[in-house]
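A.B. asks: Below is one structure. I have some questions about it.
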Amino acid sequence: MAQRHRTLRLSTVVLTMFGMVAIPAKVESAPPTVEQTLQIKPVQPGVEIDTPTREEMAQCTVAAEKIGKDVGWVVKDGRGYVLRRFLDTNGDNRVDTWCYFQNGLEVYRDIDSNGDGKVDQFRWLTVAGTRWGIDSNQDGVIDRWRQLSPEELAEEAVRSLVTNNSARFQSLLLTSAELAELGLSTETESEIKKLLAQAGAQFAAAAAKASSLGTVKWVQFSGHRPGVVLASADGPKTDLVVYENALAFAETEKGTVQFLLGTLIQVGSTWKLVTAPQLVEDQAVLASAANLFFRPPALAPSQPEATAGVTEEMQKLLDELEKLEAAAKEAQTLEQQAALNAKRAEILEALEAQSERPEDKAMWIRQLADFVSASVQAGTFPQGAERLGTLYARLSKDPAKRDLAAYVRFRELTAEYSLALQAPGANYDAVQKKWAESLQEFLQQYPDAPDAASALMQLAIGKEYMDDVEGAKSLYQEVVRRFPNSPEAPKAQGALRRLGLEGQVLEFRGRDPQGGTVDLAAYRGKVVLLHYWASWCEPCKTDMAILKDLITRYGGKLAIVGVNVDTRLEDMQAYLAEARLSWPQIYEPGGLESRPAVELGVVTLPLMILLDDQGRVVNRNITGAELEQVLKRLMK
């Protein structure tokens, strides 16, 4: 604050000097010197402008010019680029507008709007943004904003927190008058009033935590997309545009950090906060975030519909199946789970036997095959693979049930592959070879079965494991060509894209857990590591330790973006609460079938893709052990 007052006094002294010198439309009086003009600085801190060196000043000029209806002194460098422009816009022969330039473009101006010789408005222009601040008491501090975008609000909020500037923060808060003018429902208005009342104390606590971050180098807004609250009798008075759970990422002396901004509300040409920004030190901060406007309505519990074709005996079996499912959740040992799963499989077989319609029988067979195969893969029903073999032997004898036989056979092979991997001392290469042979046999026997696409995908994954890139590409291309409408086709297409990434610029973005957007393009100028991981992946966790060390040592030149593929958001949040990772995370529902995973055809974890500072992929599958050596080469 003291520095701002000193700057203002300096501007006022020189302003008075300029005011004493008439600024005519014709050049009749001696202009100020270049040194005098360059003493004047923007009132607001942090404005990036061109300032020549002492040697370059010799090439600069000052001359009176008429710009439209205004006249003033214009300072230019040796190339003819404008550096400063000091204007008289009201014809009183006193400077009332101070304009500052960068690369020949005006980026900022201080304005004396009432002609009293004191600055009361501040505007950022062209490439510097859209901010327009008002200083009602002319003390150099912005009291309110006439124009402020959400991106600029995020930057102002973060900088106010890191510098513990409560006055700067207060100018960003929704005022009582603005709240009343929105005409919200009584309940929503009361909730916002409560938040605003707590904002001051909240800011003080958050600023104390952020005080160690040091200088903020840049701020990136992350708000996904705004939403509209339609005007209604219950409020708001007019359509309202808001962001919910907005975030900001900032590069500081401590590396990249994350701030929760909460709900942002558009008021005219400005955006306003209703809470203080919070430094995201752990996922508990994000988990505590709540929507003010976009809350899903409470739903009445649905009533189950009667199941067609279910006899009294079948209903008894269904009731028993439900009890077994509940008991399986409470089982304490694998032996207990295996015994319960065997009984569940028996009931599914009985349901199939008692069904009369062919389509019902097929439904229960598919459900049985899915359940047993999944249980084998989970390690809770190792005897299940043998049961699937028996079921397949029965179905394969009936040509009319060829499709069902193929369905069961593929799940039997998957279960056997999983059992082989789970075996103590398993030879992974030998298991992979046997798996590939089984898949090829399946494709020969059932080339057009729906699961043929999945079999081709598994073979392609095996080729990737063996570093046979061309073989993998050929198989992925076959999936896309032969099964374009299959669920596997988009992932195969993504895998083809991933395998061809090296040397290409990777355009990639995704949603963070709060609905904001993380975009790799925002990190141009830095080396970027895109890290696919999951909380259940132990090698991923090993990589995390390496990445934490690297971001600490190379944070100024390295950015990491995580892509989590956990099935449940809660699993990711629990891990992050413990691991305390400082870099942004992308999360979209679906696990390994989520959009970010499908887009690059991610089939195994961990996966790390390294990009240079221009966004070009340097390595599409780098390991933790290789990272530092490559980073050193890229950062020379």
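To keep it simple, each residue is scored yes or no on (1) of a type outside the set (S, T, N, Q); (2) open to solvent by less than 40 Å² (accessible area, probe 1.4 Å).
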| position | (1), (2) |
| --- | --- |
| Lys217 | yes, no |
| Ala231 | yes, no |
| Thr238 | no, no |
| Val242 | yes, yes |
| Leu247 | yes, yes |
| Gly255 | yes, yes |
| Phe259 | yes, yes |
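A.B. asks: Do we have Gln445 as at pLDDT 90 or above and of a type in the set (S, T, N, Q) here?
C.D. replies: yes
A.B. asks: Still on this structure: Quick one: which of Thr188, Thr126 is surrounded by fewer than 22 Cβ atoms within 10 Å (Cβ to Cβ) and under 21 Å from Ile49 (Cα atoms)?
C.D. replies: Matching residue, one of Thr188, Thr126: Thr126.
A.B. asks: Okay, next question. Just to check your reading of the model, which residue among Arg497, Arg524 is within 18 Å of Leu607 (Cα to Cα) and either more than 26 Å from the chain's Cα centre (by Cα) or open to solvent by 70 Å² or more (accessible area, probe 1.4 Å) (or both)?
C.D. replies: Only one candidate qualifies: Arg497.
A.B. asks: List pairs: first in segment 224-240 and closer than 18 Å to Pro150 by Cα, second part of a loop (DSSP other than H, G, I, E, B) and not small (Gly, Ala, Ser), Cβ under 6 Å, 6+ apart or cross-chain?
C.D. replies: Listed pairs, sorted by first residue: Gly227/Phe294; Val228/Asp239; Val229/Pro236; Val229/Phe293; Asp239/Leu230.
A.B. asks: In this structure, does Ala492 turn out to be closer than 29 Å to Leu529 by Cα and either modelled with pLDDT of 90 or more or in contact with a Ser or Thr (Cβ under 8 Å, 6 or more places away or on another chain) (or both)?
C.D. replies: yes
A.B. asks: Restricting to segment 60-101, count the residues that are open to solvent by less than 50 Å² (accessible area, probe 1.4 Å), within 41 Å of the chain's Cα centre (by Cα) and not charged (D, E, K, R).
C.D. replies: The qualifying residues number 7.
Okay, residues lined up against (1) within 30 Å of Thr263 (Cβ to Cβ); (2) open to solvent by 10 Å² or more (accessible area, probe 1.4 Å); (3) in a strand (DSSP E or B):
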position	(1), (2), (3)
Glu106	no, yes, yes
Arg109	no, yes, yes
Gly115	no, yes, no
Lys118	no, yes, no
Phe122	yes, no, yes
Thr130	yes, yes, no
Asn137	yes, yes, no
Ile142	yes, yes, no
Glu151	yes, yes, no
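A.B. asks: Cβ-Cβ under 8 Å, sequence separation 6+ or interchain: first residue in segment 332-349 and in contact (Cβ under 8 Å) with a residue 24 or more places away in the chain, partner of a type in the set (Val, Ile, Thr). Which pairs?
C.D. replies: Short answer, once both residue conditions are applied: Leu334/Thr380; Gln337/Thr380; Ala338/Thr380; Asn341/Val372; Asn341/Thr380; Ala345/Val372.
A.B. asks: Considering each of Glu570, Glu599 in turn, give the residue that is closer than 24 Å to Ala460 by Cα, acidic (Asp, Glu) and open to solvent by 50 Å² or more (accessible area, probe 1.4 Å).
C.D. replies: Result: Glu599 is the single residue among Glu570, Glu599 that is closer than 24 Å to Ala460 by Cα, acidic (Asp, Glu) and open to solvent by 50 Å² or more (accessible area, probe 1.4 Å).
A.B. asks: Residue check: is Ala210 small (Gly, Ala, Ser) and out of contact with any helix residue (DSSP H, G or I) (no Cβ under 7 Å at 6 or more places or on another chain)?
C.D. replies: No.
A.B. asks: A further question follows. Can you tell me which residues in segment 39-59 are more than 29 Å from Glu156 (Cβ to Cβ) and open to solvent by less than 30 Å² (accessible area, probe 1.4 Å)?
C.D. replies: Pro52
A.B. asks: Since Pro589 meets every condition but one in (1) at pLDDT below 90; (2) open to solvent by less than 30 Å² (accessible area, probe 1.4 Å), which condition does it not meet?
C.D. replies: Failed condition: (2).
A.B. asks: Would you check which residues across segment 350-374 are free of Cβ contacts under 8 Å to residues at least 40 places away in the same chain and within 25 Å of Glu313 (Cβ to Cβ) and list them?
C.D. replies: Once the filter is applied, which keeps residues that are free of Cβ contacts under 8 Å to residues at least 40 places away in the same chain and within 25 Å of Glu313 (Cβ to Cβ), segment 350-374 yields Ala350, Leu351, Glu352, Ala353, Pro358, Glu359, Lys361, Met363, Trp364, Gln367, Leu368, Phe371.
A.B. asks: List the pairs whose first member sits in segment 194-214 and is on the phi > 0 side of the Ramachandran plot, whose second member is open to solvent by 50 Å² or more (accessible area, probe 1.4 Å) and part of a helix (DSSP H, G or I), and whose Cβ atoms are under 9 Å apart, counting only residues at least 6 apart or on separate chains?
C.D. replies: none
A.B. asks: Restricting to segment 511-547, what's the tally of residues that are touching an Asp or Glu at 6+ places or on another chain (Cβ under 6 Å) and small (Gly, Ala, Ser)?
C.D. replies: Residues in segment 511-547 being touching an Asp or Glu at 6+ places or on another chain (Cβ under 6 Å) and small (Gly, Ala, Ser): 3 in total.
A.B. asks: Can we say Val561 is open to solvent by less than 40 Å² (accessible area, probe 1.4 Å) and over 24 Å from Val257 (Cα atoms)?
C.D. replies: Criteria not met by Val561.
A.B. asks: Another question about this same structure. Just to verify a result, which residue in segment 249-303, among those that are more than 17 Å from the chain's Cα centre (by Cα) and among the charged types (D, E, K, R), is modelled with the highest pLDDT?
C.D. replies: Lys272
A.B. asks: Of (1) acidic (Asp, Glu); (2) surrounded by 13 or more Cβ atoms within 10 Å (Cβ to Cβ); (3) modelled with pLDDT under 90, Glu181 satisfies all except one. Which?
C.D. replies: (3)
A.B. asks: Here's another thing I want to ask about it. Could you tell me which of the residues Ser185, Ser166 is within 26 Å of Glu253 (Cα to Cα) and touching a Gly at 6+ places or on another chain (Cβ under 8 Å)?
C.D. replies: After applying the criteria, what remains is Ser166.
A.B. asks: Looking at (1) modelled with pLDDT under 80; (2) farther than 26 Å from Ser149 by Cα, which is the one condition that is false for Glu312?
C.D. replies: (1) is the only condition that Glu312 fails.
A.B. asks: What is the residue count in segment 330-345 for residues that are touching a Leu at 6+ places or on another chain (Cβ under 7 Å) and surrounded by 18 or more Cβ atoms within 10 Å (Cβ to Cβ)?
C.D. replies: 3
A.B. asks: Looking only at segment 499-524, how many residues end up being closer than 18 Å to Arg595 by Cα and in a strand (DSSP E or B)?
C.D. replies: 6
The values are calculated or read from the model by the stated rules, or taken from the named source; none is laboratory data. Quick caveat: nothing in here was measured; it's all calculated off a predicted structure. Every residue, glycine among them, receives a Cβ derived from its backbone with ideal geometry; neighbour counts consider all protein chains shown. Just so you know, the surface numbers come from the protein's heavy atoms only, side chains and all, with ligands and any DNA or RNA stripped out. Shrake-Rupley method; radii C 1.70, N 1.55, O 1.52, S 1.80 Å.
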